[in-house]
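Working notes for the structure below.
The values are calculated or read from the model by the stated rules, or taken from the named source; none is laboratory data. Predicted, not measured: the structure shown is a model, and the values here were computed from it. Backbone-built Cβ (ideal geometry, glycine too); neighbour counts: all protein chains shown.
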Amino acid sequence: MRVNGRLARDPESPVHLGNDRIEVDAKPLAAHEHVYLMLNKPRGIVTTASDEKGRETVYDLFAGDLPWVAPVGRLDKASEGLLLLTNDSEWAGRVLAPDSHLDKTYHVHIDRIADQALLDSMLHGVQTADAEVLRVKLVRLLRSGEKNSWLEVVLHEGRNRQIRRILDGLGVEVLRLVRIAVGPLRLGELKKGATRQLTATEKRAVDDALQGSVRPPKRSPAKPKTHKEKP
């Protein structure tokens, strides 16, 4: 590899794609255009590039003319709904960072009528089978039938199978789990298995939300100066 005409042997040498001229095997290397996608992941699809069990993956849903993209986070096989994908690893890292505080919103179908005690338990925290205490940020009852309910659940962190583990700890079975929003992005009317690019407005809304999540550290109030009288 050559950078600005000079041989670079260290693969971790920093470069600036906008300014530096990079050549590999005497051919100029151009930066790929960043792609930001949303997918309505169907139930039964795994979020991985390949599966040792031969199960269908999210990549089987893509058209062949798309560049390589990676999922931003995961949805387990039994879950469905909004999944983001991009080839912008820096942006993906910011979305997933623990301090980004991008809320994830889910609609959850459970096998019973939800009462206030159940909602309060989800808010206050549930100790799971592996002794971890998990809680949700917000939860409300959407609607109830004769034997089951739909809840809207908001998480501000991304623990593995968090909602399922909380409800399992309360003896509640999850019948369906659909992610409908990530931060300001809404799944909307996107059909199951369909993919589309984020609009410029949607991308900007996420960037603004990420920018707003980076809060400067609080400073202690300055102590008033005291003037000692001379003896």
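Some values worked out for this structure:
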{"read-out": "Counted residues, the range 120-141 - those being surrounded by fewer than 18 Cβ atoms within 10 Å (Cβ to Cβ) and either under 26 Å from Ser100 (Cβ atoms) or of a type in the set (Phe, Trp, Tyr) (or both)", "value": "11"}
{"read-out": "Scope the range 53-78; condition in a loop (DSSP other than H, G, I, E, B) and within 30 Å of His109 (Cα to Cα); matching residues", "value": "Lys53, Gly54, Arg55, Glu56, Phe62, Gly73, Arg74, Leu75, Asp76, Lys77, Ala78"}
{"read-out": "Contacts under 7 angstrom Cβ, first residue in the range 46-68 being over 18 Å from Asp88 (Cα atoms), partner basic (Lys, Arg) and at pLDDT below 85, 6 or more apart", "value": "none"}
{"read-out": "Those residues of the range 95-154 which are part of a strand (DSSP E or B), under 30 Å from Ala70 (Cα atoms) and either in contact (Cβ under 8 Å) with a residue 40 or more places away in the chain or outside the structural domain of Leu175 (by TED's automatic domain parsing) (or both), in sequence order", "value": "Lys104, Thr105, Tyr106, His107, Val108, His109, Leu151, Glu152, Val153, Val154"}
{"read-out": "So Lys77, is it of a type in the set (Lys, Arg), touching a residue at least 12 places away in the same chain (Cβ under 8 Å) and closer than 16 Å to Leu198 by Cα", "value": "no"}
{"read-out": "Enumeration of residues in the range 145-160 that are under 26 Å from Gly93 (Cα atoms) and crowded, with 18+ Cβ neighbours inside 10 Å", "value": "Val153, Leu155"}
{"read-out": "Pairs where the first residue, in the range 165-184, is more than 30 Å from Arg94 (Cα to Cα) and the second is of a type in the set (Asp, Glu), C-beta under 6 Å, 6+ apart", "value": "Glu173/Asp111; Leu175/Asp111"}
{"read-out": "Residues of the range 1-59 that turn out to be over 30 Å from Asp76 (Cα atoms), among the charged types (D, E, K, R) and at pLDDT 70 or above, as a count", "value": "1"}
{"read-out": "Filtered residue count, the range 163-208, keeping only those that are more than 13 Å from the chain's Cα centre (by Cα) and part of a helix (DSSP H, G or I)", "value": "15"}
